[in-house]
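Have a look at the structure below before the remarks.
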Amino acid sequence: MKNNENKLSMDTLASLCKRRGFIFQSSEIYGGINGFWDYGPLGCELKRNVRETWWKNIVQNRENVVGLDASIIMHPKVWEASGHVGGFQDPMQTCQICKKHLRADQVWEGIKESAWFGSLVRAIEGVPDTNEVTFTGPSLLRWAIRDGKKLAPGLALVRNPQVTLSWLAEKANTTDTVNISCIDLIRHVATEQLAQTGLQTPCPHCGGPLTEPRQFNLMFETYVGAIKSEDHKTYLRPETAQGIFAQFGNVLATSRQKIPFGIAQIGKAFRNEINPRNYTFRSREFEQMELEFFVKPGTDQQWHEYWVEERMKWYQSIGLPAESLQKYVYKKEELAHYASACVDIMYNFPFGMQELEGIAARGDFDLSRHQQFSGKSMEYFNQETNEKFVPHVVEPSAGVDRIVLALLCNAYKEEWLGKDNQVLPAEPGKQPPEGFEARTVMRFHPKIAPVKVAVFPLLKNKPELVEKARGVFDTLQKWYPSFWDVAGAIGRRYRRQDEIGTPFCVTIDFDTLTNNTVTIRERDSMKQERIEISKLADKIHETLA
RNA sequence: GCGAGCGUAGCUCAGUGGUAGAGCUCCACCUUGCCAAGGUGGCUGUCGAGGGUUCAAAUCCCUUCGCUCGCUCCA
């Protein structure tokens, strides 16, 4: 990360997360493993808080949403029905111009069926059914300028005819016509600079150059039972959603829900990402929180809008400020063929605006596919109207680890503190000015903070203070994740809590012994207030709403 | 996937062929009447891993894993 513009470097954050026990690299003692992360004592509390507030908001506080906890490994047919097997298991090539993904083994078939190929063959009067074609340079050029421009704008011959045709020059100088295999011709007209790139394969849609064939099989494979054979092959789920669709009938039959209603699930999913990067942002093992909300066909749009707004509110409720969030509305041509709408909720990470959650209106695609592949009905019968239909679905699908990362990025603040309670924003990489000291503070919303309150006796060598403080701690710990600390000067103990984002520190001093009041110090303002011990729990509770 | 850089204590880093270091953190004791004070003592490393060159490797070479950055990719 660039260290300018006061941007948080992910290295700095990762360093704090390791030092304080939020996030460790998986299998670190063996050199680590790319794309996998472990949550330490504080990190797992933070993550639990994210899950719990989501579950409360989505499931427990609504009559019409129920939960599910499906298995990670499912029948392989699930992934055929979902389109994950077949569609993306084969080597794929990507067009560098129009960005379309193509199965490598279908590219030539696609080219032969394409409009531009047919047009080209007619223009040069070649005979494509035989392996050889015959043509002249000028005829190629004429085609490029006229039909090629419209039909295959990405083709090298069309974009840059002179350079592309230079490969002909030698042959064209000696003879007017060129004999060449049809495949070679196509590859030559797709190649701009032979020396640099070698022969290219054109995109069937636009003629643009394709990337090398690549394995896009992003599902982890495994074998059920002891025998390692194709018959026993199955997959770690690449998304949690399919468990919900596959159990739609059972949930409907047992929950007595009526449309519209939702099924929610939190769980691990696995994608064998080609290139995990940006700390925990793109991991190979990650956790999703998904809601499948089933609606009557035709009401998709209103429910989609409803859930986008609900989800935006939720992100703000856990402390992500509105100005750091952004909605990205998919354009028609970006949508999957079955989807009618999709909105991503993005967060402004130090490494860019990136997706936290996608909210998609997926129509009846998933249920219909499972109906087709399983032969089991996925229809819903409305008694009141006597209607039978396959419900449409609106799917808000969020990444837990990404939300945790956003919360960590958002919380991290460095400040310079002066003598007279003066606070300056720190300039990364610089020493504070004379008379100022640096403070690192994690400004988590109290609701998601891993530890809610720390309790200190002012001095540790005064047994009466320690004993009194211990009593306060024992009481608070029954209600909130609490932290006990007697070690070091009081200021040092405050700063330790600042760095893990504890919103409140309670200090027991000599006044406490006479009147049962303590000071409660607030993390962000560092202001202290003296209140009665009996009012502590309520005071903290107020901030968790 | 390609290219470049990096990997030494929990963290930040110094150490360019000859006995593995510093600051901070952490722990113990002392001190300390509210924001990283001070004192004393202490723990911590197969120098990412494996192989090679050498009398001798943290240091040079090869391989590999991991991290960062830039392309690429992200259904």
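The values are calculated or read from the model by the stated rules, or taken from the named source; none is laboratory data. These numbers were taken from a predicted model, which means no experiment stands behind them. All Cβ positions, glycine included, derive from the backbone under ideal geometry; neighbour counts span all protein chains shown. We work out accessible area using only protein heavy atoms, side chains counted, and drop any ligands, DNA or RNA first. Shrake-Rupley method; radii C 1.70, N 1.55, O 1.52, S 1.80 Å.
The residues in segment A:460-502 that are open to solvent by 30 Å² or more (accessible area, probe 1.4 Å) and within 18 Å of residue A:515 (Cβ to Cβ) can be counted, and the count is 6.
The residues of segment A:225-263 that are in a loop (DSSP other than H, G, I, E, B) and either surrounded by 15 or more Cβ atoms within 10 Å (Cβ to Cβ) or at pLDDT 90 or above (or both), listed by number, are A:237, A:238, A:239, A:240, A:247, A:256, A:257, A:258, A:259, A:260. Considering segment A:437-518, the qualifying strands (runs of 3 or more DSSP E), each wholly inside and each with 3 or more residues that are closer than 30 Å to residue A:403 by Cα and within 10 Å of RNA strand B (Cβ to nearest atom), run over A:437-442.
The residues of segment A:10-23 that are open to solvent by less than 50 Å² (accessible area, probe 1.4 Å) and not aliphatic (A, V, I, L, M), listed by number, are A:17, A:21, A:22. Scanning segment A:207-218 for residues that are crowded, with 16+ Cβ neighbours inside 10 Å and at pLDDT below 75, we see that the one that is farthest from residue A:282 (Cα to Cα) is A:213.
Counting only helices (runs of 4 or more DSSP H) wholly contained in segment A:11-94, the ones carrying 3 or more residues that are farther than 30 Å from residue A:364 by Cβ and touching a residue at least 24 places away in the same chain (Cβ under 8 Å) occupy A:41-55.
Considering A:288, A:302, the condition of being within 16 Å of RNA strand B (Cβ to nearest atom) and modelled with pLDDT of 95 or more is satisfied by A:288 alone.
For segment A:122-179, a residue qualifies if it is modelled with pLDDT of 70 or more, assigned to a loop (DSSP other than H, G, I, E, B) and within 18 Å of residue A:207 (Cβ to Cβ), and the qualifying residues are A:152, A:153, A:154, A:155, A:160.
Inspect segment A:278-290 for any residue being farther than 25 Å from residue A:13 by Cα and either open to solvent by 10 Å² or more (accessible area, probe 1.4 Å) or assigned to a loop (DSSP other than H, G, I, E, B) (or both) and give the result as yes or no. So far as segment A:278-290 goes, no, none of its residues is farther than 25 Å from residue A:13 by Cα and either open to solvent by 10 Å² or more (accessible area, probe 1.4 Å) or assigned to a loop (DSSP other than H, G, I, E, B) (or both). Cβ-Cβ distances below 6 Å connect the following pairs, each with a first residue in segment A:499-512 that is within 18 Å of residue A:41 (Cβ to Cβ), a second residue that is open to solvent by 10 Å² or more (accessible area, probe 1.4 Å) and near RNA strand B (Cβ under 8 Å from one of its atoms), and a separation of six or more residues or different chains: A:499/A:440.
State yes or no: is residue A:55 more than 16 Å from RNA strand B (Cβ to nearest atom), open to solvent by 50 Å² or more (accessible area, probe 1.4 Å) and under 20 Å from the mean Cα position of the chain (by Cα)? Against the criterion (more than 16 Å from RNA strand B (Cβ to nearest atom), open to solvent by 50 Å² or more (accessible area, probe 1.4 Å) and under 20 Å from the mean Cα position of the chain (by Cα)), residue A:55 qualifies.
Among the residues of segment A:459-510, just one is in contact with a Cys (Cβ under 8 Å, 6 or more places away or on another chain) and of a type in the set (Lys, Arg), namely A:493.
Would you be able to say whether some residue in segment A:24-42 is open to solvent by 70 Å² or more (accessible area, probe 1.4 Å), modelled with pLDDT under 95 and away from RNA strand B (no atom under 11 Å from the Cβ)? Yes, because at least one residue in segment A:24-42 is open to solvent by 70 Å² or more (accessible area, probe 1.4 Å), modelled with pLDDT under 95 and away from RNA strand B (no atom under 11 Å from the Cβ).
Candidates in segment A:524-545 are the residues that are under 38 Å from the mean Cα position of the chain (by Cα), more than 9 Å from RNA strand B (Cβ to nearest atom) and open to solvent by less than 70 Å² (accessible area, probe 1.4 Å); of these, the one that is farthest from residue A:439 (Cα to Cα) is A:537.
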